[in-house]
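Following: one structure in structure tokens, then a few remarks.
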Amino acid sequence: MGEALRCSVVVERTGTGHFVATNARGGTIHFGTASGDGGNAEFTPVELLLAAIGGCTAADVDVATARHAEPAEFSVSVTGDKISDELGNRMTGLEVTFAVTFPDGEGADRARAVLPRAVRTSHDRLCTVSRTIEIGTPVRTTIRDA
């Protein structure tokens, strides 16, 4: 087993249904709860989860393919169904769809050839986010003494 790298974010409430997450490097992302009125464009926590899956695997695939050719198109769509059943609220039917094309030119054929293996390797081994979801890991919650 390799050495563990401790990762962390702090989530702070900024208003009713609005939050900001800050990472150890000082980066921030604002998010909130779905308001239903259509006026709130902030990501919800579920959408952040989908973005984390897509971003993690996109980064893996980009590293493997872009060294051969710069893509003409590179997008990753992540969808799933939010359900509530006897196990509680959760996501099912998670799907990741890559749309990647390379223009003609040096390295493009190699990039196209590498793409399926890069997607498979990200899914099977590299993407920390989707690997954690698929394998599962306990989440422990505590309340800090005031």
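The values are calculated or read from the model by the stated rules, or taken from the named source; none is laboratory data. Note that the structure is a prediction, hence the values are computed from the model and not measured. With ideal geometry, Cβ positions are generated from the backbone for all residues, glycine too; neighbour counts draw on all protein chains shown. Ligands, DNA and RNA are excluded from the accessible area calculation, which covers all protein heavy atoms including side chains. Shrake-Rupley method; radii C 1.70, N 1.55, O 1.52, S 1.80 Å.
Ignoring any ligand, DNA or RNA, what whole percent of the accessible area of the chain comes from carbon and sulfur when the probe is 1.4 angstrom? Carbon-and-sulfur percentage of accessible area, whole number: 53.
If you run the Gaussian network model on the chain, springs between alpha carbon atoms under 10 Å, then out of VAL63, VAL46, VAL96 the most flexible one is VAL63. Considering only THR57, THR79, THR22, the Gaussian network model of the chain with Cα springs below 10 Å gives its largest mean-square fluctuation to THR22.
A simple spin-label model places the labels of LEU5 and ARG125 1.7 nm from each other, with each point 7 Å out along Cα-to-Cβ.
Expressed as a rounded percentage, what relative contact order does the chain have, with Cα pairs under 8 Å and six or more residues apart?
18 percent
Put ILE53, ILE135, ILE29, ILE83 in order of accessible area, highest first, and with a 1.4 Å probe you get ILE135, ILE29, ILE83, ILE53. Rounded to the nearest 500, the helix-only mean residue ellipticity at 222 nm of the chain stands at -10000 deg cm²/dmol, with each DSSP H run of n ≥ 4 adding -39,500 (n - 2.57). The solvent-accessible area of ASP124, taken with every protein chain present and a 1.4 Å probe, is close to 80 Å².
A 1.4 Å probe run over the protein chains yields, for the range 6-146, 71 Å² of accessible area per residue, whole-number rounding.
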